[in-house]
Amino acid sequence: MAILEVENVHTYYGHIHALKGLSLTVEQGEIVTLIGANGAGKTTTLNTISGLLRPREGRIRLRGEDLTTIPPHEIVARGVVQVPEGRRVFARLTVQENLEMGAYVQKDSRRVREGIERVFTLFPRLKERRQQLAGTLSGGEQQMLAMGRALMAQPKVLLLDEPSMGLAPVLVDSIFATIKRLNDDGATILLVEQNARMALQIAHRGYVLQTGEVVLSDTGENLRQNEMVRKAYLGIQ
Amino acid sequence: MNELRRLPVWHSVRIGLIGGVIMLYICLVGMVEVFGRSDIIERVISLGQVLLLLTGLGAGYLAARRAGEPTNALTVLISGVVAGGLTGGLLTGLVVIGSVVNLRAVFINASPALYNALTLGAGPNGAWIPLVGGAALGLVAALFCLLPRRVRQSIVNGLVGVLLAGLFSGLLRVILAARPGWSAELGRFLFASEGLTLAGALLFFILAGGLALLWSQSQATVRERITRLPEAQRKTLRWAMLGLAVILILIFPQISGAFIAQVIVLVGIFALMGLGLNITLGMAGLFDLGFVAFFAISAYTVGLLTSTGEHGIAQWSWWAAAPVGVLLAMIAGAFFGLPVLGIRGDYLAIATLGFGEIVRLLVGSDFLRPWLGGSFGILAIPKPWIGNLELAGPQQIYYLAVFGAVLVAFVAVRLRDSRLGRAWMAIREDEDVAEALGINLVQTKLLAYMLGGAFAGLGGAIFAALVGSIFPHSMNLLVSVNVVALLIVGGMGSIPGVIVGAFALIGLPELFREFDEYRYLLYGIALIAMMLAKPEGLWPSAAIRRELHTDETDETETNPGSSSTVPAS
């Protein structure tokens, strides 16, 4: 059974019909990516899953449990954690404090310390800078911190929104390598990316979104070979 | 113009002109006259004259110090004289123009009396006096600049001592005169009927200056002595200091007299409101410009429940009524919080501004007059009793206010360091991310409004006990603005900052009641100066301090060797 199921979801912004009956599944241990143009509904899909937006119709299930009526903070507690677009670290807090804040749903202080150590093994750069203000980190380090902060909540499914946005090309490579590594360690990831080329390289499966609907879904490899995807999203004639 | 700017004298001219404009302003808004009425040293110098002297000295000092860095003594002196002279020169200009044209049509204070004051009584013929006087002040300031640092410090400290003693001479005299014998004798020796006596001024100068000199010489050795003490003894020392402070706080109102005790009670009440707003605004980042609403709700509740007058409904004791008032303020926090949960930032400030006004208008309305007394308010609120002891006046209510403030400050510290405190901080820094991290926004925000309201409610309850009657006009917008301002001045989010801010913004203005017409002018100037010089507040919280001084700490915190391997992004 899929760990996360999104079934026929309709989400609106006021009168604007943003998601028109979108369905997708994420299996345990997978990287699934959503690709599509600006305004296709990628971020809306993530926000609907994490409860920040409410679907007017449809169901979202985590291991069979319905999430659509649960408030966002409880969705986090159940293990669906989103890394928001644009990193959004707490600039005025230190790296360490950011991570502690990520463990808000975790009440056991021993496990919080263990979590921080785990994040520091994953991102040694953050350990070097643990007392530094997050706002003074470079963009790449901030993205690592944002991911580390989300990992502190011990997610069952990690929702990543445009992790490569605004980063230098060298750092984009390293961020995708990190995502791959997280997945190798067992994390289940739903990844939204504009950088379709990179996303499809590491994703097991992908969905192509257009104006709020899934127009295509396949394995990452097949999508990279797909004529339409190559033309529209990879820029290959 | 650019050629001119390169001359060393350019700075002196600029500073002199700025000083002159400040002087003109001081003269033309009538401060010289009003402040001239209060003497610092009897029949020698008045506060108005001190203001003028300080402006001249300040201009001279700034110009001289600026010139002093790479150059010689002569340049320093010339810079001082030029700046001082220009500052005084503008006043000369004022006197000359004033003697020809009648300026009073525009500037009501440009009177012959002002000209006489500026020319030491010589009138228009003495128009040169401010110019020469200014130059002389500039010279003095420049000479002062050339003195060794230690001497300069003790002179400044001595003068500040005299100025403070002179400013508070009225209060100090009353305190000393209250006890007959040596205390009253000392009072007569130090203080004249207005200001200090000459002997008193000299004594204060020597005392303040000498003590500062002694301290600056022995400070290092004392510090070292303390750090060399064994841990146990240092602990005893700390406890002894704490004990001393507690005893001082306890006996303070008996020494200070009723007026100062009343000022401290007001400071305590505003500190309570500040601690409340520090939770909503300082910790959770929720702007609230209607904070007076909680104060008013609690004050009115206590008033209604305890009053023996016509609007009293229960004649409870203050101790029974105050918790009810606090509870209602708390409920009001939730009630006002609910509709504005989704509003952020500036919009929230405007919405909450509305709440404050609604409460004020409601309690003052004719519609609720049969119950709340309308604009006549609620009278005959009895004082609280502790056993057989009535907390009759400010000297007794002082203990209530101090105890309340200390208690609430303690609770606030515990809250700040709690899980809830961290959730507030997350909401303040980024509401969306806070939600994504699993923080229950509705519950956390409502708790911030409720606890903030409860703290302000305690302030309101004590206020009702202090004044014994409450009127809608004491619940105006200015109270809310004051609370926000004291938070900003003290340092947003900082608990000691709230106390410091309350003393600075509520205590000081109360002590200078005699200059009431200039109260808000000085208040405004102080706020602007504060934001320019120390935007983080007088006692900032750790996070803000770090943010504003990262450039100073960065070097020590990052490892410079490893940073070269990071590609910038």
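The values are calculated or read from the model by the stated rules, or taken from the named source; none is laboratory data. Keep in mind that this is a model prediction, so the values were computed, not measured. Don't worry about glycine lacking a Cβ; one is built from the backbone with ideal geometry, like all the others, and counts go over all protein chains shown. What goes into the accessible areas is simple: the full protein's heavy atoms, side chains included, and nothing from ligands, DNA or RNA. Shrake-Rupley method; radii C 1.70, N 1.55, O 1.52, S 1.80 Å.
Would it be correct to say that residue B:428 is modelled with pLDDT of 90 or more, within 14 Å of another protein chain (Cβ to nearest Cβ), more than 16 Å from residue B:499 (Cβ to Cβ) and surrounded by fewer than 21 Cβ atoms within 10 Å (Cβ to Cβ)?
no
Out of all the residues in the stretch B:274-295, is one or more without any contact (Cβ under 8 Å) to a residue 60 or more places away in the chain and open to solvent by 10 Å² or more (accessible area, probe 1.4 Å)?
no
Find the residue count for the stretch A:15-34, including only residues that are surrounded by 24 or more Cβ atoms within 10 Å (Cβ to Cβ) and in contact with a Gly (Cβ under 6 Å, 6 or more places away or on another chain).
Number of matching residues: 2.
Would you mention how many residues in the stretch A:89-118 are touching a Leu at 6+ places or on another chain (Cβ under 6 Å) and away from chain B (no Cβ under 11 Å)?
1
Of all the helices (runs of 4 or more DSSP H) wholly in the stretch B:306-400, which have at least 3 residues that are among the charged types (D, E, K, R)?
By residue number, B:345-363.
Given the conditions (1) more than 10 Å from chain B (Cβ to nearest Cβ); (2) in contact with a helix residue (DSSP H, G or I) (Cβ under 6 Å, 6 or more places away or on another chain); (3) open to solvent by 10 Å² or more (accessible area, probe 1.4 Å), which single one is not true for residue A:131?
(1) is the only condition that residue A:131 fails.
Condition test on residue B:448, is it closer than 23 Å to residue B:541 by Cα and open to solvent by less than 10 Å² (accessible area, probe 1.4 Å)?
The answer is yes for residue B:448.
For the stretch B:125-135, which residues satisfy the criterion of being surrounded by fewer than 17 Cβ atoms within 10 Å (Cβ to Cβ) and within 20 Å of residue B:21 (Cα to Cα)?
Selection gives B:128, B:132.
How many of the residues making up the stretch B:191-219 are free of Cβ contacts under 8 Å to residues at least 24 places away in the same chain, part of a helix (DSSP H, G or I) and open to solvent by less than 70 Å² (accessible area, probe 1.4 Å)?
3
Please report, ordered by residue number, the helices (runs of 4 or more DSSP H) entirely within the stretch B:73-177 with at least 1 residues that are farther than 29 Å from residue B:62 by Cα and either in contact with a strand residue (DSSP E or B) (Cβ under 7 Å, 6 or more places away or on another chain) or in the same structural domain as residue B:48 (by TED's automatic domain parsing) (or both).
Because the criterion is at least 1 residues that are farther than 29 Å from residue B:62 by Cα and either in contact with a strand residue (DSSP E or B) (Cβ under 7 Å, 6 or more places away or on another chain) or in the same structural domain as residue B:48 (by TED's automatic domain parsing) (or both), the helices (runs of 4 or more DSSP H) in the stretch B:73-177 that meet it are B:73-100, B:112-118, B:169-177.
The conditions are (1) among the polar types (S, T, N, Q); (2) at the interface with another protein chain (Cβ under 8 Å from one of its Cβ atoms); (3) not in a strand (DSSP E or B), and residue A:82 fails exactly one of them. Which is it?
(3)
Applying the selection to the stretch A:172-184, what residues are open to solvent by less than 20 Å² (accessible area, probe 1.4 Å) and within 14 Å of chain B (Cβ to nearest Cβ)?
Correct list: A:172, A:175.
Kindly evaluate residue A:197 against the criterion of being crowded, with 23+ Cβ neighbours inside 10 Å and more than 11 Å from the chain's Cα centre (by Cα).
no
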